[in-house]
Amino acid sequence: MTQTPIRLTVNGRTHDIDAAADTPLLHVLRNDLELNGPKYGCGLGECGTCTVLIDGAAARSCVIPISGCVGRQIVTLEGLGTRDHPDPVQQAFIEEQAAQCGYCLNGMIMTTKALLAINPHPTEQEALEALRYNLCRCGTHVEILRAVMRAAGKVTEVQD
């Protein structure tokens, strides 16, 4: 018995995926579509490294079966911007040098993108609240918060 391919829309492109309906979205993104923005971290939806946007909301792709993504718009880090034209959130993270090892960066950026879509001008407390379930072990929390606030237009350049 053959299975019917599952149609997913990722970064604006349609893909017919030949995988079991309960396959985690993260596995399809990384293994079948070769998108390396979302990372495998805990596999339990607790660390945030696998975060993608599904219909604009931040979602943990390691615990979402592909069957739950049919007819929905999935955006990965690669779908936000390009090397030459990064998304404003990506640009803010670059300008604030908000990465050390970079493993958490995907989740931080995607969660920030989702936050700014519903709250374009968050307070620092609201930004911290939104990012509280994204784990960073390298200690770049200050730079990450500044990047979020820069993306929200709340950081001004320091005058020399």
Lys, Arg +1 and Asp, Glu -1 on Cβ, resulting dipole of the chain about Cα centre, debye, nearest 20
240
So for R0 = 41 Å, FRET eff. of Arg137-Arg72 from the Cβ-Cβ r, to 0.05, ends up at 0.85
Could you work out how far apart the two model spin labels at Asn119 and His27 are, taking each label as a point 7 Å from the Cα in the direction of the beta carbon, and quote it in nm?
3.5
Note down, for the range 48-103, the three equivalent ellipsoid semi-axes (square root of 5 times each alpha carbon gyration tensor eigenvalue), biggest first, whole angstrom.
24, 14, 8
Test of understanding: what is the full-extension gain from Arg7 to Asp55, defined as 0.36 nm times their sequence separation minus their Cα-Cα distance?
15.7 nm
Helix hunt in the chain: which complete DSSP H runs extend at least 18 Å axially by C-alpha with mean Kyte-Doolittle at least 1.0?
105-118
Just to be sure I understand the curve: with the Debye formula and one point per C-alpha of the chain, what is log10 I(q)/I(0) at q = 0.10, 0.15, 0.20 Å⁻¹?
-0.36, -0.76, -1.25
Once you charge only the Cβ atoms, +1 for Lys and Arg and -1 for Asp and Glu, what is the size of the charge dipole of the range 6-79 about its Cα centre, to the nearest 20 debye?
140
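Every number here is computed from the coordinates shown, using simple stated rules; none is lab data. None of the values given here were measured: they were computed from a predicted structure. Methodologically, a virtual Cβ is constructed for each residue, glycine included, from the backbone with ideal geometry; neighbour enumeration extends over all protein chains shown.
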